[in-house]
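Working notes, beginning with the structure itself.
None of the figures in this text is laboratory data; all of them are computed from the coordinates on show. These figures come from a predicted structure and were not determined experimentally. Cβ placement follows ideal geometry from the backbone for every residue including glycine, while neighbour counts extend to all protein chains displayed.
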Amino acid sequence: MKKIRANLDSYFDKVDERWRALSMRKQHLYTLYFFISYLLLTAFVICKVWYDTSKSENDMVIEHIENPVLKK
């Protein structure tokens, strides 16, 4: 477990170094792209849920429960 933790720490350190090596403009653009994609994905999911709930039939069929043993 300690080896996994050490490998993850070294990986995150490398990623952090690469991120800091980017110019501030590129960091800003990547952050903006991530935010816009997250916003579009969220809007899509909300619209999909709204569409599905407005389209669904709100009818509930209530039937008598039958014993499966007696069906045989």
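The mean of 1/r over all distinct Cα pairs in the chain, once inverted, gives the Kirkwood hydrodynamic radius of 18.3 Å.
In deg cm²/dmol, rounded to 500, what helix-only [θ] at 222 nm does the chain give when every DSSP H run of at least 4 residues adds -39500 (n - 2.57) and the total is split over its residues? Helices in the chain give a 222 nm mean residue ellipticity of -26500 deg cm²/dmol. Using a Gaussian network for the chain with springs between C-alpha atoms less than 10 Å apart, which of these wobbles most: Ile36, Ile46, Ile62? Among Ile36, Ile46, Ile62, the largest GNM mean-square fluctuation belongs to Ile62.
Cβ crowding within 10 Å, taken as a proxy for footprinting-reagent exposure, orders Val15, Val61 from fewest neighbours to most as Val61, Val15.
For GluC sites (Glu not before Pro), the sites in the chain that DSSP calls loop and that have at most 12 other Cβ atoms within 10 Å are Glu57, Glu63, Glu66.
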